[in-house]
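Q: After the structure tokens below, expect a handful of questions from me.
The values are calculated or read from the model by the stated rules, or taken from the named source; none is laboratory data. It should be emphasised that the depicted structure is a prediction, and the values quoted were computed from it without experimental measurement. With ideal geometry, Cβ positions are generated from the backbone for all residues, glycine too; neighbour counts draw on all protein chains shown.
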Amino acid sequence: MWKDFSRHDGPQAAAALSFYAFLSLFALLILAGGVLGMLFKGRPDLHQRAVDYLVSNAPGISDIIEQALNTTADLGGLLGAIGLAGMLITGTKVTDSLQVWLNKIWGFDKPAFLRRKLKGLAILLVLALVVMLSFGLQVVIVYVAGKVGALEFPLSLLSFLGAVAIQAAGLAVIYAYALEGRVGISETWKRGLLVALLVNPLLLLLTWYYTNMGDLSAVYGPFAGVVLGILTLYYAASVLFLGAELNRFLHSPAEEGLPC
């Protein structure tokens, strides 16, 4: 599998996806700020919970996220519309990279331009649903934990397991839907679960590393957030593509309609 990952240019694919994902992050911040400005106007407590959730799930770029959201949340709907347009442009670049590489390792032709863009929008909707469900679960658990302090640890564990389950389901759908051949969710859900189990500890480890291994801004200066953000996205993309490679490696080539 490791040789196949290298042979299929997995590291380069992860680099491309992380680059486009980093570009789309700015559009996402504008969109999130506009939405938060409309939804949480007059509720600074809910706004701060949303900021804390996004920051905790994006190690290495917490300062960028917090400053951008705090700035844009006051401007509301106009920024939301601008952010949505930006996400449609940059976000589909992310899904383009994903679809092209996944189909390459399975031996399928990449989708035509229009089909690729339409499928990319569907994939973005799945990703948005995963984020909203994860965030909603986090809000509920934080609320319950505030009411019943004795359950903080089991609730934290429940939050982690719930996030893993949501992410695994989303990844299984994306792995199957991005391919042009007939590969069902029954073929991808186990690898989606594996990737979700690997990505979350990886992000926690990176958060700990960035927090405890000295003042990284002294090394990278004002570009520390940019450097750490791209590195974080690259590691996450590498795990994502390793899961896709594992799907192909474990698949039975005897199944109908699939290349050997």
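Q: Kindly indicate the residue of the range 121-178 that is of a type in the set (Ser, Thr, Tyr) and in contact (Cβ under 8 Å) with a residue 12 or more places away in the chain and also nearest to ALA21 (Cα to Cα) among those meeting that condition. Talk me through it step by step, then tell me what you get.
A: Of all residues in the range 121-178, those of a type in the set (Ser, Thr, Tyr) come to 134, 143, 156, 159, 175, 177.
Narrowing the set further to residues that are in contact (Cβ under 8 Å) with a residue 12 or more places away in the chain leaves 134, 156, 159, 175, 177.
Values: SER134: 19, SER156: 28, SER159: 25, TYR175: 17, TYR177: 19 Å.
In this case the residue turns out to be TYR175.
Q: Which of the following residues is at pLDDT below 75, within 29 Å of LEU206 (Cα to Cα) and not charged (D, E, K, R): LEU137, LEU54, LEU129?
A: Details: LEU137 fails: at pLDDT below 75; LEU129 fails: at pLDDT below 75.
Exactly one residue qualifies, and that residue is LEU54.
Q: Residue by residue through the range 221-257, note down the ones that are of a type in the set (Gly, Ala, Ser) and at pLDDT 75 or above. Show your work before the answer.
A: Taking the range 221-257 first, the residues of a type in the set (Gly, Ala, Ser) are 221, 224-225, 229, 236-238, 243-244, 252, 254, 257.
Residues satisfying the conditions are GLY229, ALA236, ALA237, SER238, GLY243, ALA244.
Q: Ok, one more. Picking from PHE5, PHE40, which residue would you name as being more than 20 Å from the chain's Cα centre (by Cα), crowded, with 21+ Cβ neighbours inside 10 Å and either at pLDDT below 70 or not polar (S, T, N, Q) (or both)? Step through it out loud before you land on a result.
A: Details: PHE40 fails: crowded, with 21+ Cβ neighbours inside 10 Å.
None of the other options fit; the residue is PHE5.
Q: Taking the conditions exactly as written (assigned to a helix (DSSP H, G or I), among the small types (Gly, Ala, Ser), farther than 19 Å from ALA14 by Cα and at pLDDT 85 or above), does ALA218 satisfy them or not?
A: On the way: assigned to a helix (DSSP H, G or I): yes; among the small types (Gly, Ala, Ser): yes; farther than 19 Å from ALA14 by Cα: yes; at pLDDT 85 or above: no.
In short, no.
Per-residue answers, yes or no, for (1) part of a helix (DSSP H, G or I); (2) buried (at least 20 other Cβ atoms within 10 Å of the Cβ):
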| position | (1), (2) |
| --- | --- |
| SER159 | yes, no |
| ALA168 | yes, yes |
| ILE174 | yes, yes |
| ARG182 | no, no |
| TRP189 | yes, no |
| PRO201 | yes, no |
